[in-house]
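Student: I'd like to ask you about the structure that follows.
The values are calculated or read from the model by the stated rules, or taken from the named source; none is laboratory data. Everything numeric here is computed off the predicted structure, so don't read it as measured data. Virtual Cβ from ideal backbone geometry, glycine too; neighbours counted across all protein chains shown. Ligands, DNA and RNA are stripped out before the accessible areas are found, and what is left, the full protein with its side chains, is counted by its heavy atoms. Shrake-Rupley method; radii C 1.70, N 1.55, O 1.52, S 1.80 Å.
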Amino acid sequence: MKSWTRREFGRSTGAMALAGLGPRLAASESKARVVVVGGGIGGATAAKYLAVSAPTIEITLVEPKPNYTTCFFSNLYLTGLCSLESLTHGYETLAQRHGINVIHDSVAAVDPVAKTVGLKSGPKLPYDRVVVAPGITFNYDAIAGYDEAATQVIPHAWNAGPQTQLLRRQLESMEDGGVFVLVAPPNPFRCPPAPYERASLVAYYFKQHKPRSRILILDAKDSFNAQDLFLDAWERHYRGMIEWLPAQFTGGIKAIDVKERSVETASETFKAAVANVIPPQMAGQFAQQNGLVDQSGWCPIDPITFESKLQPGTHVVGDASSAGDMPKSAFVANSQAKACAFAIAAALTGSERQSPHLFNTCYTFLSPDDAVSNAVSFKPVAGTIKIVDNFGSQVQESAETRHRTAREAQSWYTAFTRDTFGYAAF
Amino acid sequence: MRKMIAISIAAGLLIIVADCSQAADRDGGAQLAAMCASCHRLDGGDGGIPTILGMSPEMLTRTMLAYRSHERPSHIMRAIALSLSDEEIATVARYLAALNRQVRP
Ligand SMILES: Cc1cc2nc3c(=O)[nH]c(=O)nc-3n(C[C@H](O)[C@H](O)[C@H](O)COP(=O)(O)OP(=O)(O)OC[C@H]3O[C@@H](n4cnc5c(N)ncnc54)[C@H](O)[C@@H]3O)c2cc1C
């Protein structure tokens, strides 16, 4: 199915050759190759926009899973407001419509000298540039008693799919009157408002089905993203149901007792009916193992091209990157991936590159029809990325505004996943 | 690419005679429109977020400037409109208006 894109391209280079656009034709003959590691939001977007902006480049996307389930909106699934299928997306459009070679495998290693990417199953793929977007991994050394095996009893549900399903089953089988204990991670972590959105939507679910139940948030921090908006919503919608304890109150999270389902803090041990531990995070394992991270645990990058500061020829986008003020969100991963794809296309084909426009937009549900939004623009400054403007919802907004924002959020989900996985007009 | 070429032809920018500035305008328009595609469906579909296809370049430009001046309220559109230069707004407006002619249901 690659063929029609290539065929069409053949025709266009013919026309350009007539017009004397030499550089493009020369680039097409050399057949530059880009390998993308990870078919999450960052990787899928990078592959698609490379295909869209530089049809002469051969693009291979390597992702172990046959389908991708989004973390965004998974808090709605958790509380019965949408299905997991509606959050799951395949790679067919990227392969068929955009001519991307999609391989379902894991990448074992990048060899920056030989310029090859080694697949777990054995083959090595040569590349001119490689884009790495492996997302996050969890630092299981940080909380005693909580390791990978423990996630099967006390889920983190911070990657969507089986973990989210497990947490939903636990919430459904919990008896009314129990306490849901959510352990919120230290900064930086994937999606700053998401733990608190989760608490809000679980409270909504309890209000409908288990009204005597409560939520306790044990935070590794002393404050959190959009705190005023959440505290206001908790007071209006879920009075007395959600308690938030900052680190300065508990002295911090010390250990998890999986058998007892309890969380030990420096001051007190809290027993849960259902527990959800979101551990501290760092760049995906692949980045850790391939020399892409610095002592912060994240990948330093050039703020314009997203090329690794540690390994030339390798670009890192999405949660794994350390991109100044940019938070770890799907919107950011998509925005970075576009800038990176255009920069790579320019480097490999000689096409024009505009200065990058980097944004984050975030929709957060406080209840199914009370949502808030915020939007931030960024700009590369002196080797890093800085916030330029930041606009967001206010506490005193009308119910209509909040309702409209919730509708907008649903519409955003459709457009955004189409943009990432290849259904939009491009 | 197929689409971009089709668009160029539809917009009367014949590729055979394309000069560098037109190519740059087209590439720039596509790169800027990529940013719009994170929220707006560019296949003509609509929802809680209105479509931006079917508007003339003048209308699109005027709307962006209204967001920039906060005459029309939207956190997102305001941040975006402020980050684009007048020239970029004109470029993306031309690109989107041309894209509209190519959209199939
Ligand atoms: C509950 C929750 C709610 C959220 N809500 C929002 C929201 O409303 N808006 C928003 O913008 N963001 C939201 N996010 C954040 C968003 O999900 C992430 O920021 C985003 O997924 C990051 O994209 P990524 O490409 O960096 O990583 P991912 O999307 O995690 O993709 C990484 C991919 O790499 C693959 N991979 C890993 N290692 C390898 C390897 N060795 N070889 C091949 N492939 C590999 C993985 O299988 C995976 O598919 C939310 C997150 C959570 C947890």
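Student: Please tell me if A:H403 is under 15 Å from B:A37 (Cα atoms) and either away from the ligand (no atom under 11 Å from the Cβ) or within 17 Å of the chain's Cα centre (by Cα) (or both).
Tutor: On the way: under 15 Å from B:A37 (Cα atoms): no; either away from the ligand (no atom under 11 Å from the Cβ) or within 17 Å of the chain's Cα centre (by Cα) (or both): yes.
Here the answer is no, as A:H403 does not meet what is asked.
Student: A:A44 passes all but one of (1) in a strand (DSSP E or B); (2) within 8 Å of the ligand (Cβ to nearest atom); which number fails?
Tutor: (1)
Student: Show me the strands (runs of 3 or more DSSP E) found entirely inside the range A:63-168 where at least 1 residues are among the aromatic types (F, W, Y).
Tutor: Details: elements: A:101-103, A:107-111, A:116-119, A:124-126, A:129-132, A:136-138.
It comes to A:136-138.
Student: Sticking with this structure for a sec: Mind listing just one residue for me: the one in the range A:324-333 that is in contact with a helix residue (DSSP H, G or I) (Cβ under 7 Å, 6 or more places away or on another chain) and more than 10 Å from chain B (Cβ to nearest Cβ) and, of those, nearest to A:V131 (Cα to Cα)?
Tutor: Looking at residues that are in contact with a helix residue (DSSP H, G or I) (Cβ under 7 Å, 6 or more places away or on another chain) and more than 10 Å from chain B (Cβ to nearest Cβ), I get A:A333.
Student: Let me ask you something else. Just the residues that are over 20 Å from A:S322 (Cα atoms), more than 7 Å from chain B (Cβ to nearest Cβ) and crowded, with 20+ Cβ neighbours inside 10 Å, please, taken from the range A:369-392.
Tutor: A:D370, A:A371, A:V372 - these are the residues of the range A:369-392 that are over 20 Å from A:S322 (Cα atoms), more than 7 Å from chain B (Cβ to nearest Cβ) and crowded, with 20+ Cβ neighbours inside 10 Å.
Student: Take the conditions over 19 Å from A:Y363 (Cα atoms) and not small (G, A, S) and apply them to A:V202. Does it pass? It would help to see each step written out before you state the result.
Tutor: Numbers: over 19 Å from A:Y363 (Cα atoms): no; not small (G, A, S): yes.
In short, no.
Student: Could you tell me which of the residues A:A233, A:A199 is surrounded by 15 or more Cβ atoms within 10 Å (Cβ to Cβ), without any contact (Cβ under 8 Å) to a residue 60 or more places away in the chain and within 23 Å of A:G80 (Cα to Cα)?
Tutor: None of the others qualify; the one that does is A:A199.
Student: Something else now. Just to be sure before I move on: is A:R214 within 16 Å of the ligand (Cβ to nearest atom) and either open to solvent by 20 Å² or more (accessible area, probe 1.4 Å) or on the phi > 0 side of the Ramachandran plot (or both) in the structure I sent?
Tutor: So A:R214 fails the test.
Student: Given the condition in contact with a helix residue (DSSP H, G or I) (Cβ under 7 Å, 6 or more places away or on another chain), surrounded by fewer than 24 Cβ atoms within 10 Å (Cβ to Cβ) and within 11 Å of chain B (Cβ to nearest Cβ), answer yes or no: does some residue in the range A:334-349 qualify? Working first, answer last.
Tutor: Residues of the range A:334-349 that are in contact with a helix residue (DSSP H, G or I) (Cβ under 7 Å, 6 or more places away or on another chain), as a first pass: A:334, A:336-338, A:340-342, A:344-345, A:348-349.
Restricting the remaining residues to those that are surrounded by fewer than 24 Cβ atoms within 10 Å (Cβ to Cβ) gives A:348-349.
Filter once more, keeping what is within 11 Å of chain B (Cβ to nearest Cβ): A:349.
Checked the range A:334-349: at least one residue is in contact with a helix residue (DSSP H, G or I) (Cβ under 7 Å, 6 or more places away or on another chain), surrounded by fewer than 24 Cβ atoms within 10 Å (Cβ to Cβ) and within 11 Å of chain B (Cβ to nearest Cβ).
Student: Taking the range A:58-74 as the search range and keeping residues that are open to solvent by 10 Å² or more (accessible area, probe 1.4 Å) and near the ligand (Cβ under 6 Å from one of its atoms), which one is nearest to the other protein chains (Cβ to nearest Cβ)?
Tutor: A:F72
Student: Give the residue, chosen from A:N75, A:N67, A:N101, that is under 23 Å from A:R190 (Cα atoms) and touching a residue at least 60 places away in the same chain (Cβ under 8 Å).
Tutor: Testing whether each residue is under 23 Å from A:R190 (Cα atoms) and touching a residue at least 60 places away in the same chain (Cβ under 8 Å) leaves just A:N75.
Student: When you scan the range B:52-105 for helices (runs of 4 or more DSSP H) that lie fully inside it, which ones turn up with 1 or more residues that are away from every other protein chain (no Cβ under 12 Å)?
Tutor: Ranges flagged: B:57-68, B:86-100.
This table checks each residue for (1) away from the ligand (no atom under 16 Å from the Cβ); (2) touching a Phe, Trp or Tyr at 6+ places or on another chain (Cβ under 6 Å).
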{"residue": "A:G251", "(1), (2)": "yes, no"}
{"residue": "A:K254", "(1), (2)": "yes, no"}
{"residue": "A:M282", "(1), (2)": "no, no"}
{"residue": "A:F286", "(1), (2)": "no, no"}
{"residue": "A:Q289", "(1), (2)": "no, no"}
{"residue": "A:I304", "(1), (2)": "yes, no"}
{"residue": "A:V317", "(1), (2)": "no, yes"}
{"residue": "A:S321", "(1), (2)": "no, no"}
